[in-house]
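Derivation of every value follows stated rules applied to the coordinates shown; laboratory data play no part. Only a predicted model underlies this, so the values are computations on that prediction, with no experimental measurement involved. Neighbour counts run over all protein chains shown; Cβ positions are idealised from the backbone, glycine included.
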Amino acid sequence: MTSFQDTARVYFPALRSGFVFADNAGGSQCTKLVAERIFDYLLNTNVQPGADYPISVESTRCIAAGPVAAAELFNAASPDEIVFGATSTMNLENLARSLEKDILDDEEIVVTGEHEANVGPWKKLAARKGLTLKHWRPRTTDPSNPYSLTLDVEDLLPLISAKTRIVAFVACSNILGSIVPVKAIVTAARSRAVELGVRKIEFSVDCVAYAPHRRMNVQDWDVDYAVFSFYKLFGPHISALYARAASLRSSISALTHHFLSVDTVGYKLQPGGPGYELVYGAAGVPTYLKGLTPAGTLEATFIASAVHEHVLSERLLGFLRGYAPRVLIVGDPLNGSSRVPTISFVVKGILSRDVVRACDETGTIGIRYGHFYAYTFINELDPKIDIQDGVVRVSLVHYNTLEEVDRIIIALRGVLG
Ligand SMILES: Cc1ncc(COP(=O)(O)O)c(C=O)c1O
């Protein structure tokens, strides 16, 4: 029987080279099903959409597939709730700007200090309006490892007040590789805010590091905004933002031209058309994912993917734990069900850059070191680490194999001894 990852690998020609792609949290390989759509759009329907001549009608039809695909991936109620933008960074910056008028000057924003994309826009908005910005910080889970950090809802609740307007957090950290219970967090924070008499509270969830590993479900989570980047989810370099219909109507001010009537649709947050071929290409992502298991559903694929990824994480985490306390895993050292194979660590006495060099020198392994734009988070680690050297990160997805993890381990053993 063909294994899950063997089925997946067929869709990525670059994997045939034998190179170990292990910087997937930076960007995954793009499935053939996406590349074929982009190629087809550019060669056959590359006209301006919205006109009545046949090729423009076809182009419009192709582009409409993008929001449908993103809505399916988010499990949004409607493609009208989808916004496309070049990056998640841009989508979140636009979101924060579009909320500016609906936020009162004495209100508060709570952020997790992770990837700057979901921190910077809120920080800047708070500075522009003089709002209070509160930080929900992670706590350690293993007393012997100061970097065994994870977000705990118990630390969020005291930050919620009657003035809380936005809570912006990550569904999964791009450094720690741990998934947070989004639904439980939203339920607890929303009911605390209501108890305290909040005017209006909304939740913005950064799913960029989550989407490649688990099924998103914005309706079940009861969140108002969510974002992910297709280029980390086997797709093209483009991002999708979910904005709940009610929020589009009542919280968001349009960023579009004044004469466009887009009051209730995601386009309200899209100043100008995104890359049409990429929007169409993105529709290949759910098609790819659903084709990986006989059930043909996103749920089945993400369950199979999590099972396979758990095996990959266990091999690498087990190896790294064997070097404790010289090697400190940054994140949960244990491989629980909320762990994804985004594995960061530091080595006492060896620069992260030098650890990664051991893999670079093989010429066949791609991993990386640095702060990965979680600048504030890495900068605030205690004990401190050099911000530019940062952490070593090995980030795997469902197309990686155990044999590939073993090749990474052999290279790391060369430097760790
Ligand atoms: C958790 C997280 N959020 C946001 C981003 C930003 O995504 P984009 O590159 O699409 O702006 C990244 C990118 O690495 C990320 O890992």
Exercise for review: Please give the direction-averaged projected area of the C-alpha convex hull for the chain, in square nanometres with one decimal.
Suggested key: 20.7
Check your understanding: Does the range 54-288 come out rounded, prolate or oblate, given a ≥ b ≥ c as the square roots of the eigenvalues of its C-alpha gyration tensor, rounded meaning a/c under 1.5 and, failing that, prolate meaning a/b above b/c?
Key -> oblate
Practice item. Determine ³J(HN,Hα), in whole Hz, for all residues of the range 129-146 in sequence, where each value follows from phi through the Karplus function 6.51 cos²θ - 1.76 cosθ + 1.60 and θ = phi - 60°; x replaces Gly and Pro. Key: 9, x, 7, 8, 10, 10, 10, 8, 9, x, 10, 7, 10, 10, x, 7, 9, x
Check your understanding: Hey, what do the phi angles of the range 81-92 turn into as Karplus ³J(HN,Hα) couplings, whole Hz, using 6.51/-1.76/1.60 and θ = phi - 60°, x for Gly and Pro?
Key -> 8, 9, 10, 9, x, 4, 9, 5, 4, 5, 4, 6
Check your understanding: aspartates and glutamates within cross-link reach of K268: Cα-Cα under 12 Å, excluding same-chain residues under 8 positions apart?
Key -> D80, E81
Study note, to complete from the structure: Per the C-alpha gyration tensor (a ≥ b ≥ c, the square roots of its eigenvalues), the range 371-417 is rounded if a/c is under 1.5, else prolate if a/b beats b/c, else oblate; here it's oblate
Practice item. Mind grabbing the base-10 log of I(q)/I(0) for the range 45-147 at q = 0.12, 0.19, 0.21 Å⁻¹? Debye formula, identical points on the C-alpha positions, no solvent, two decimal places. Key: -0.65, -1.00, -1.07
Revision key, fill the gap. Note to self: C-alpha centroids of the range 114-170 and the range 187-264 sit apart, in Å, by 17
Check your understanding: Which whole-angstrom value gives the distance between the alpha carbon centres of the range 50-105 and the range 329-367?
Key -> 35
Review point. Highest mean first, what order results for 175-185, 41-51 on Cβ atoms within 10 Å?
Key: 175-185, 41-51
**Study point:** Ranked list, fewest to most other Cβ atoms within 10 Å of each Cβ, for T89, T256, T297
**Key:** T297, T256, T89
Practice item. Go through the range 310-325 residue by residue and turn each phi into a ³J(HN,Hα) via Karplus (6.51, -1.76, 1.60, θ = phi - 60°); whole Hz please, and just put x for glycine and proline. Key: 4, 5, 4, 4, 4, 4, 6, 4, x, 4, 5, 4, x, 9, 5, x
Practice item. Just check the range 328-378 against the gyration tensor rule for me: Cα atoms, a ≥ b ≥ c as the square roots of the eigenvalues, rounded for a/c under 1.5, and otherwise prolate or oblate depending on whether a/b exceeds b/c. Key: prolate
Study note, to complete from the structure: Env charge @ W136, Cβ radius under 11 Å, K,R +1 / D,E -1, value -1
